[in-house]
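Quick notes on the structure that follows.
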Amino acid sequence: MTHHRPASAGQRELLRFLTCGSVDDGKSTLIGRLLHDTRLILDDQLAALARDSRRHGTTGEEIDLALLVDGLEAERQQGITIDVAWRYFSTPRRGFIVADTPGHEQYTRNMATGASHSSLAVLLVDARKGVLTQTRRHSIICALLGIRDIVLAVNKMDLAGFDQDHFDRIVGDYVTFASTLGFRSIVPIPLSARHGDNVTRRSGNTPWYHGPTLLEHLETVEVEQDLADKPFRFPVQWVNRPSQEFRGFSGTVASGRVAVGDQVVVAASGRSSRIARIVTADGDLPSAEAGQAVTLTLADEIDIARGDLLVPAAARPEMADQFAAHLLWMDEEPLLPGRTYLMRIGTLWTQASVTAVKHRLDVNTREEHAARTLSLNEIGFCNLAAAQRVPCDAYAENRATGAFILVDRYTNRTAGAGMIAFPLRRASNIHHADFVVDKLARAALDHQKPAVLWFTGLSGSGKSTVANLVELALHQAGRHTYTLDGDNLRHGLNKDLGFTAADRVENIRRVGEVAKLFVDAGLIVLCSFISPFRAERRMVRDLLEEGEFVEIFVDTPLEECMRRDPKGLYAKARAGAIRNFTGLDSPYEPPEAPELHLRTLGRTPQDCAEEVLARLRALGLMA
Amino acid sequence: MTVNADTTETAPARAAGAPRRLTPHLARLEAESIHIIREVAASFRRPVMLYSIGKDSSVMLHLALKAFHPGKPPFPLLHVDTTWKFREMIAFRDATARRLGLELIVHVNEEGLARGISPVASGSALHTQVMKTEALKQALTRHGFDAAFGGARRDEEKSRAKERIFSFRDAAHGWDPRNQRPELWTLFNTRIREGESIRVFPLSNWTEFDVWDYILAEDIPVVPLYFARPRPVVRRSGTWIMVDDERLPLGPGETPEMRMVRFRTLGCYPLTGAIESEADTLEKIIAEMRAARTSERQGRLIDTDEEASMERKKREGYF
């Protein structure tokens with residue numbers, strides 16, 4: 001047997017491409033075919049494949065090539081591709097990295113992942129079905145992720161009688177549809193992945209086709225290699241400081257090139273210096289370009305840390321804290337506008353929130369729909385506000401400095417992938433310039449309206465229980481909260497106070513003052529205190545500004561509180577062990593006009609918490 | 001094949017500062033791996049590099065040295081020792097750590113040892129579970145490592161092909177293949193909570209060919225077991241098992257014989273099959289591999305235990 005195995009991956013540039021297409025178009029079979037025909041399937045793998053084909057295959061007695069790439073157990077059982085699988089093969093002319101991506105709509109995020117690593121897409125179309133909704137969706141996602149070269153692989157031509165008119169019709173349909181997507185090249189190829197026609201060898205079944213086989217095309221296609229011609233961008237990854245004598249900035253040149261002696265600027269600070277050395281373990285280099293991992297030293301000592309971006313003075317990126325971007329949502333939990341997410345752009349981590357969803361993009365039709373949120377696998381065009389100004393370029397100009405991810409602050413899941421369209425100009429900035437840091441500024445950072453939620457009611461009425469549920473919900477919605485209750489105040493700040501009438505008033509006064517400070521810090525403060533007297537509640541209300549004090553009357557009848565008696569206090573009070581107990585030998589003055597009158601009898605705490613949250617929404621505190 | 005003109009079997013490593021001779025393909029893979037390694041050092045509190053002594057670990061370690069030049073890698077090496085590694089591996093490991101002046105942590109599951117777990121007495125599945133998977137988890141927990149480099153490559157095995165480069169592990173070190181974080185561009189999500197960790201695979205995009213081509217181009221030392229030499233072996237399950245010490249019980253009629261063999265992968269010696277070979281230089285190994293018709297893991301007895309056994313082991317915390 002002769003082998004085409006290459007002597008070495010050699011001098012050819014690497015080609016990264018993804019395969020996409022609708023559910024049964026045969027992506028995995030095609031990659032299996034490429035691996036098989038380039039002799040990269042080895043004997044023990046073939047033996048395993050033959051075993052698998054009998055158990056899980058869909059091709060009867062024939063070897064099912066798709067099983068080579070459908071890796072995970074669950075996928076083999078279900079017969080579908082769920083995740084992105086990476087495959088590697090090479091021919092004497094070129095090395096390839098293939099991202100095999102799922103076809104189902106619920107895996108749009110996986111396809112986008114594959115596309116973000118690829119410079120070309122092989123789009124499969126089933127010859128019997130032609131251009132489908134999925135074909136359009138995949139094309140739109142490829143275009144959005146910046147892929148400019150498409151191979152339209154019209155597969156299963158054997159099942160369409162290798163008919164030329166049929167092929168031409170499908171190609172015509174596709175080219176018409178794709179004309180506005182900005183692709184640089186669309187190369188249509190008629191093939192059969194299962195039987196190998198026009199995959200690696202020219203097929204006798206398509207004498208009317210004069211173009212290259214799929215492999216020939218992949219081996220020779222010139223993909224966009226202009227990253228080195230874009231402006232220099234160097235995200236600092238790591239400050240290398242092994243000794244007093246050496247201070248270098250390690251990272252990978254994201255785009256452009258740099259040479260010793262070049263003037264560079266720290267994008268955020270504007271400080272500038274000259275490149276003194278380009279250090280590598282193989283010796284210093286005179287210059288470096290996109291893709292090279294190097295360590296730069298500068299002629300001057302300027303302040304630089306991980307997250308900084310080194311750029312040429314003459315071609316700086318935008319500095320923006322607000323920008324418009326396409327956002328692909330990847331989390332089960334929908335996007336919440338206004339909620340703060342962690343944002344990673346380059347090597348910089350900051351915080352950001354979506355201030356507005358301008359529209360949702362229908363990835364099947366490119367129609368724009370009004371939307372207030374984004375769910376898993378939806379793509380929207382959004383305005384975002386970051387906690388600081390970040391250097392960035394439009395994604396279409398530079399993938400390296402125009403892409404970002406959003407990470408959920410509580411689950412740490414990667415929630416969104418963004419592609420910057422353009423920065424929003426200063427004129428449209430809502431709050432910037434030289435403000436003093438005040439309550440509004442602090443709250444704006446968290447995109448919330450500070451307030452005091454004052455839960456008042458009898459002992460055992462359920463104040464703390466409901467307040468805890470409300471706080472949990474607020475927290476999950478990205479709000480910064482804090483709880484003040486007897487437990488955390490009586491043990492510290494107020495431990496000198498007893499339960500005389502005077503001490504109880506002083507207790508509430510201090511609670512009010514602390515709550516005020518926290519509101520000033522921009523927080524939503526939840527206070528659970530019996531606070532039986534109207535006067536003391538009034539006192540706290542007056543400490544705060546209009547609208548900041550939300551009085552919630554947790555109304556549970558005394559009999560019910562006594563029945564619950566969660567801390568055994570009523571029992572003690574009735575036994576005479578506690579005096580001045582509210583409701584027994586001390587009065588409770590119900591609020592006359594609370595923001596919310598919460599009647600708890602016969603309801604679950606969750607139900608009560610929902611009512612509080614609904615009221616907060618109505619008051620504009622959850623916007 | 002691209003070989004430096006000045007590289008012969010007797011020639012020492014290239015002089016420092018000599019021009020690079022890597023192919024564009026290898027240069028790109030090298031740069032990407034260095035990027036990943038630096039990213040970990042910059043993002044985690046206490047990273048560690050799993051060092052398994054094999055060729056992939058040798059390449060990974062070499063990349064780490066290059067990534068932080070002129071400094072040293074800011075993390076220790078960790079070897080999970082099952083006590084059944086080839087003696088030459090252990091000698092090579094200790095010599096390497098000494099030569100490079102790096103901190104090396106060797107962890108043995110003492111509890112497993114006390115229970116008498118061994119590949120001979122317990123079978124490969126239990127031995128791997130206790131002395132590798134459990135031992136690794138013990139070591140990670142004991143030292144509080146929040147990121148651990150591994151030398152696994154996606155081309156090795158089907159379930160590895162879907163592993164992330166930054167692969168999240170829960171507090172019990174488990175992997176959930178259905179709940180992996182999407183990984184777009186090189187914007188790795190390095191965020192974890194206390195107790196959770198990330199496994200990082202800088203060689204994800206390398207193939208076995210790339211690894212050997214790179215070892216040759218960069219003159220990276222590897223364990224001599226990779227080179228063919230006469231070694232005492234016995235025939236078992238269609239492969240050659242080396243009698244590395246007296247602990248390997250011989251069956252009736254089994255007599256060690258000297259054969260010219262070498263290893264494509266290295267592990268616990270009773271579980272690692274040798275191939276008959278005359279390849280006693282890197283060039284010959286690469287030439288032999290190009291003609292080979294079996295994958296490297298074929299010599300590993302632990303993978304054939306059951307279908308998808310690797311995926312199962314990974315879910316449990318195996319590398």
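Quick notes on this structure:
- Computed over region B:124-211, the P(r) tail beyond 23 angstrom holds 26 percent of alpha carbon pairs.
- Evaluating 6.51 cos²θ - 1.76 cosθ + 1.60 at θ = phi - 60° for every residue in region A:334-344, the Karplus couplings come out as x, 4, 10, x, x, 6, 8, 10, 6, 10, 10 Hz, glycine and proline recorded as x.
- Under the simplified labelling scheme, the A:Arg277-A:Ala444 pair shows an inter-label distance of 4.6 nm, with each label point 7 Å from Cα along Cα→Cβ.
- FRET efficiency for the pair A:Val175 and A:Arg148, taken as 1/(1 + (r/R0)^6) with r the Cβ-Cβ distance and R0 = 25 Å, rounds to 0.95.
- Computed [θ] at 222 nm, deg cm²/dmol, chain A (DSSP H ≥ 4; -39,500 (n - 2.57); rounded to nearest 500): -7500 deg cm²/dmol
- Local electrostatic count at A:Met330 - Lys and Arg +1, Asp and Glu -1, tallied over other residues with Cβ under 11 Å: -3
- Each Cα pair under 8 Å and six or more residues apart adds its separation to the average, and for chain A the resulting relative contact order is 9 percent.
- The order of the peptides A:483-489, A:576-582, A:461-467 by mean Cβ neighbours within 10 Å, most packed first, is A:461-467, A:483-489, A:576-582.
- If both residues of a DSSP beta bridge must be in chain B, then about 60% of such bridges are antiparallel.
- Peptide-level mean, for B:211-217, of C-beta atoms on other protein chains within 10 Å: 1
- Region B:224-304: relative contact order in percent, alpha carbon pairs under 8 Å with at least 6 residues between: 33 percent
- Nearest-0.05 FRET efficiency for B:Ile90 and A:Asp226, computed from C-beta distance (R0 51 Å): 0.50
- Over region A:537-623, the pair-distance histogram of Cα-Cα distances with 5 Å bins from zero comes to 3, 11, 17, 18, 18, 15, 11, 5, 2, 0 percent, rounded to whole numbers.
- Counted over chain B with a bin width of 10 Å, the fraction of Cα pairs per bin, in whole percents, is 5, 26, 36, 24, 8, 1.
- Ranked by how many other beta carbons lie within 10 Å on average, peptides B:250-259, A:342-351, B:229-238 from highest: A:342-351, B:229-238, B:250-259
- Of A:Ile578, A:Thr556, A:His597, farthest towards positive along the dipole that unit charges on Lys, Arg, Asp, Glu beta carbons give chain A: A:Ile578
- Ligands, DNA and RNA aside, A:Asp520 has an accessible area near 70 Å² when probed at 1.4 Å.
- Spatial separation of Cα centroids for region A:262-305 and region B:161-239, in angstrom: 31 Å
- Per-residue ellipticity at 222 nm computed for chain B from its helices equals -9500 deg cm²/dmol, with DSSP H segments shorter than 4 residues left out and the rest contributing -39,500 (n - 2.57).
- 1.4 Å probe, heavy atoms, protein only - residues of region A:90-130 losing at least 40 Å² accessible area vs chain alone: A:Thr113, A:Ser116, A:His117
- Counting only other chain Cβ atoms within 10 Å of each residue's Cβ, the peptide B:28-36 averages 5.
- Mean Cβ count within 10 Å, highest first, over the residues of peptides A:286-298, A:120-132, B:277-289: A:120-132, A:286-298, B:277-289
- The charge dipole of region A:318-425, taken about its Cα centre with unit charges on the Cβ of Lys, Arg, Asp and Glu (plus for the first two, minus for the last two), comes to roughly 220 debye.
- Of the beta bridges in the protein assembly as shown, as assigned by DSSP with both residues counted there, near 60 percent are antiparallel.
- Theoretical FRET efficiency, 1/(1+(r/R0)^6), r = Cβ-Cβ of A:Glu592 and A:Ala370, R0 35 Å, to 0.05: 0.25
- This model, with +1 at the C-beta of Lys and Arg and -1 at the C-beta of Asp and Glu, gives region A:443-618 a dipole about its Cα centre of some 440 debye.
- Taken residue by residue and averaged, Cβ atoms of other chains lying within 10 Å of the Cβ of B:58-70 number 3.
- Normalised convex hull volume, the protein assembly as shown, alpha-carbon set, Å³ per residue: 216 Å³
- The string of couplings for region A:360-376 from the Karplus curve (6.51, -1.76, 1.60, θ = phi - 60°) is 9, 8, 7, 6, 8, 10, 6, 5, 9, 10, 5, 7, 10, 8, 10, 9, 3 Hz, one whole number per residue in order, with x for Gly and Pro.
- With bins 10 Å wide beginning at 0, the percent of Cα pairs of region A:318-425 falling in each bin runs 17, 53, 28, 2.
- Summed buried accessible area for A+B [probe radius 1.4 Å, Å², rounded to 100]: 6400 Å²
- Listed residue (A:Ala467, A:Ala443, A:Leu569) projecting farthest to the positive dipole end of region A:443-618, Cβ model: A:Leu569
- Per-residue HN-Hα couplings for region A:210-221 [Karplus 6.51, -1.76, 1.60; θ = phi - 60°; Hz; x = Gly/Pro]: 10, x, x, 6, 4, 5, 4, 5, 5, 6, 10, 4
- The heavy atoms of A:Lys572 offer some 110 square angstrom of accessible surface to a 1.4 angstrom probe.
- Considering only B:Leu184, B:Met242, B:Ile275, the residue lying farthest towards the positive end of the dipole of region B:184-302 is B:Leu184, judged by Cα position with unit charges set on Cβ.
- Backbone N under 15 Å from the A:Tyr410 label point (7 Å along Cα→Cβ), restricted to region A:326-360: A:332-342
- Rounded to the nearest 20, the size of the Cβ-charge dipole of the protein assembly as shown about its Cα centre is 860 debye, with Lys and Arg at +1 and Asp and Glu at -1.
- Reach of B:Lys72 by Cα under 12 Å, taken over aspartates and glutamates that are not fewer than 8 positions away in the same chain: B:Glu103
The values are calculated or read from the model by the stated rules, or taken from the named source; none is laboratory data. Note that the structure is predicted; figures quoted are calculated from it, not measured. Cβ atoms come from the backbone with ideal geometry, glycine included; neighbour counts cover every protein chain shown. Heavy atoms of the whole protein, side chains included, go into the accessibility calculation; ligands, DNA and RNA do not. Shrake-Rupley method; radii C 1.70, N 1.55, O 1.52, S 1.80 Å.
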